[in-house]
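The values are calculated or read from the model by the stated rules, or taken from the named source; none is laboratory data. Bear in mind that the values here come from a model prediction, so they are computed numbers and not experimental data. Here the Cβ positions follow ideal geometry from the backbone for every residue, glycine too, while neighbour counts run over all protein chains shown.
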């Protein structure tokens, strides 16, 4: 039976549709043309201009501060939420599940508008603090679901065995549970960091004076700035985003391999 080329051609079309514009943008960041039109030769001057732009460094500092702090909080809250979803069963648990899943399905523009109205109602000044809260709100769910997936594959008999051997509840959690689900926590944290790093919609609504991040800087400069300079900045953000996603998948893959090794060792022991 002759194999059809339609699935392969469809895959190629989808990959080109998603990644060809990114490739064009990256190549354009090295184009020695002021407006990014015809190819005028290879240059690194736009990357050098970024290094000399003080506003870029201020926005980068704001972006990293928010991304790192929001990621740490999301890892703690998301892990706690995953524990609650996995270990406790009650009639109100579906409400907890809905609260965790809601940020994943609510459009970002609605979330940004609702957060803005909430802060205005409380008369909270917009700034770094409101951006931090907004990023925690939409990133925590990703961590919770990633850790929940790890907990669903976790062998609970290991905890029972540790308790039977005299370990306290906290010791069993610290010595057995946390090391085994750590890849899931780290993978969720890297995903939250990546989402916070390049978020624009929520940040646009809840940012204030002196709290501009890199995505906001790109948006505000797109009309009167240098297109090729912005291409260079976008290419750097794209590389960081892909690197974070790759590390997240690598950590998750190592955790899955560790689980298979532990599981096979347990079966051999029996």
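For (1) at pLDDT 85 or above; (2) over 11 Å from the mean Cα position of the chain (by Cα); (3) buried (at least 17 other Cβ atoms within 10 Å of the Cβ), each residue gets a yes or a no:
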| position | (1), (2), (3) |
| --- | --- |
| 191 | yes, no, yes |
| 200 | yes, yes, no |
| 206 | yes, yes, yes |
| 241 | no, no, no |
Helices (runs of 4 or more DSSP H) enclosed by the range 159-237 - at least 1 residues per element that are closer than 21 Å to residue 138 by Cα and out of contact with any strand residue (DSSP E or B) (no Cβ under 6 Å at 6 or more places or on another chain): 178-197, 201-206, 214-221
Answer residue from the range 36-52, given it is touching a helix residue (DSSP H, G or I) at 6+ places or on another chain (Cβ under 6 Å) and either at pLDDT below 80 or closer than 21 Å to residue 241 by Cβ (or both) and is surrounded by the fewest Cβ atoms within 10 Å (Cβ to Cβ) among those: 47
Matching option when the condition is under 30 Å from residue 28 (Cα atoms), crowded, with 19+ Cβ neighbours inside 10 Å and modelled with pLDDT of 85 or more, among 144, 82, 67: 67
Test: residue in the range 98-116 that is over 20 Å from the mean Cα position of the chain (by Cα) and surrounded by fewer than 11 Cβ atoms within 10 Å (Cβ to Cβ): yes
Per-region count, the range 1-28, residues over 19 Å from residue 231 (Cβ atoms) and within 22 Å of the chain's Cα centre (by Cα): 1
